[in-house]
Structures are given as C-alpha cells and as structure tokens.
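Written below as structure tokens is the structure these notes are about.
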Amino acid sequence: MGKQYNSFDEFLTLPLDKKLSIYQDILLFHLHVNKCGYIALDYYDGSIMYDFITEQTRICDVEFYSKKPVINTIGRMCGSSRYMAPEEFKLDAKIDERSNVFLMGASAFQLFVNGIERNIDKWQGNEKMYSVALKAVNIEKEDRYQTINEYIESWNNATGSFS
C-alpha cells in the first residue's frame, strides 16, 4: 500500500467498499494485537500488502511490535511520522492503547484521503467516519478514544458495519 510500491497508484483507485474492507482487516488485526498484550510500533502503509486478485489483506513487518507496557526510551521512535502518535516523539512517554488508536486514525486518513491530509473536502467516506478518524488522531491522548474497542465500535457505527 505504500508509496514506494508500483501498485500504489492502483491501490488509490480502489472503490470505497474495497478500501473499507481493507481497513476492517487492519482494525481486526490490531484489535487482536491489543488483546495479545502488544503495542504496534513502526507500522505504516508499507506494512500493508493487498492482493488485487484474491482481495486479501496482509500485514507484515510487525517485528517491532512490543509487549505492554512500552515507554519511549529514545525520544523519536522508529517509524513513519505520518503514523506516529505525538508520544512517540517524547522521551519517557508512555506508549499505550491510545497511541494505537492514533495509529488507526492515521491509517484511515491514509486510506480515505490518500495521504495524511485531514481535510474533509478530500475525504472519501461520510462525515461520521471523518469525525471518528479525526478524534482518533487528536494530539492529546485524553481526547482520543481510550481503547481500540471503543474506536472500532464508533467506526463501525459511522460506516453502518458491525464486525
């Protein structure tokens, strides 16, 4: 899915329903990661592989995902700044489930705006979906969804899907 791949332009032209399906796969994977006690680190669009023939989504490059609790011991952590929560830039900050909520919101903007722009004019989904994703990428952790479950529930309510 990343810009570095030849299929990036083809990916951008996928219809909304296919992108929603890919995003649901991403959400369910990260819900599983959370339930297993891990925090997603160094995740970005290049971690998403999509097979256009079988319409299957695969997530790769998860070797930096870490068991909870995670404390930022280096300052700027590894990863694409487009996907990183503000706390991933702060020494001694706690990286937690709300950091992964930010990651899911950033992923939504990549999929449904074709970039990290947070402009509703370019958003491919409905206004409710936009509002859910925007809350997820709030700079203040306290103002984001507090859990991945809460985020997914709000997202599914906004899209009208329930998985």
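The simple spin-label model puts a point 7 Å past each Cα toward its Cβ; for K18 and R118 those points are separated by 2.9 nm. Which Cα, out of Q56, A106, S21, lies furthest along the positive dipole direction of the range 8-156 (beta carbon charges, K/R +1, D/E -1)? The one lying farthest along the dipole's positive direction is A106. Each label was represented as a point 7 Å from its Cα along the Cα-to-Cβ direction; for N149 and C60 these points are 3.3 nm apart. Can you compute the FRET efficiency between K94 and S131 using 1/(1 + (r/R0)^6), with r the Cβ-Cβ distance and R0 = 22 Å? Round to the nearest 0.05. Result of the calculation: an efficiency of 0.25. Once the gyration tensor of the Cα atoms in the chain is diagonalised, the equivalent ellipsoid follows with semi-axes of 24, 18, 15 Å, ordered largest first. Extension gain for S80-N156 works out to 24.7 nm (0.36 nm per residue, less the C-alpha to C-alpha distance).
Round to the nearest 10 and give me the degree value, 0 to 90, for the angle of helix 97-113's Cα axis relative to the longest principal axis of the chain. On a 0 to 90 degree scale, this one is about 30. For Y38, the residues 5 or more places off, or on other chains, whose built amide H falls under 5 Å of its own are K68. The string of couplings for the range 79-95 from the Karplus curve (6.51, -1.76, 1.60, θ = phi - 60°) is x, 7, 4, 5, 10, 8, 5, x, 5, 7, 10, 10, 4, 6, 6, 7, 9 Hz, one whole number per residue in order, with x for Gly and Pro.
Output the pairs from K67/K135; K35/K90; K67/K122; K94/K122; K18/K135 with a Cα-Cα distance over 30 Å in this structure; if there are none, say none. In this structure, K67/K122; K94/K122 exceed 30 Å between Cα atoms.
Three semi-axes describe the equivalent ellipsoid of the range 33-102; taken as square roots of 5 times the Cα gyration tensor eigenvalues and ordered largest first, they are 25, 13, 9 Å. Magnitude of the charge dipole for the chain, about its Cα centre and with charges confined to Cβ atoms of Lys, Arg (+1) and Asp, Glu (-1), is about 240 debye.
Rounded to the nearest whole Hz, the Karplus-based 3J(HN,Hα) values (6.51 cos²θ - 1.76 cosθ + 1.60, θ = phi - 60°) of the range 132-137 follow the sequence 5, 5, 5, 5, 5, 9, with x at glycine and proline. From the alpha carbon centroid of the range 98-115 to that of the range 47-79 is 13 Å. For I71, nonlocal amide neighbours, meaning residues 5 or more places apart or on other chains whose placed amide H falls under 5 Å from its own, are I95.
Basic side chains Lys and Arg get +1 at the Cβ, acidic Asp and Glu get -1 at the Cβ, and with that the dipole of the range 43-108 about its Cα centre reaches some 260 debye. In the chain, helices alone account for a calculated mean residue ellipticity at 222 nm of -12500 deg cm²/dmol, with every DSSP H run of four or more residues adding -39,500 (n - 2.57). What is the calculated FRET efficiency for T73 to I139, with r their C-beta to C-beta distance and R₀ = 22 Å, to the nearest 0.05? About 0.50, to the nearest 0.05.
Computed from the coordinates by the stated procedures, all read-outs in this text should not be read as laboratory data. From a predicted model like this one, the values you see are computed outputs, not experimental measurements. Counting neighbours? That spans all protein chains shown, and the Cβs are built from the backbone with ideal geometry, glycine included.
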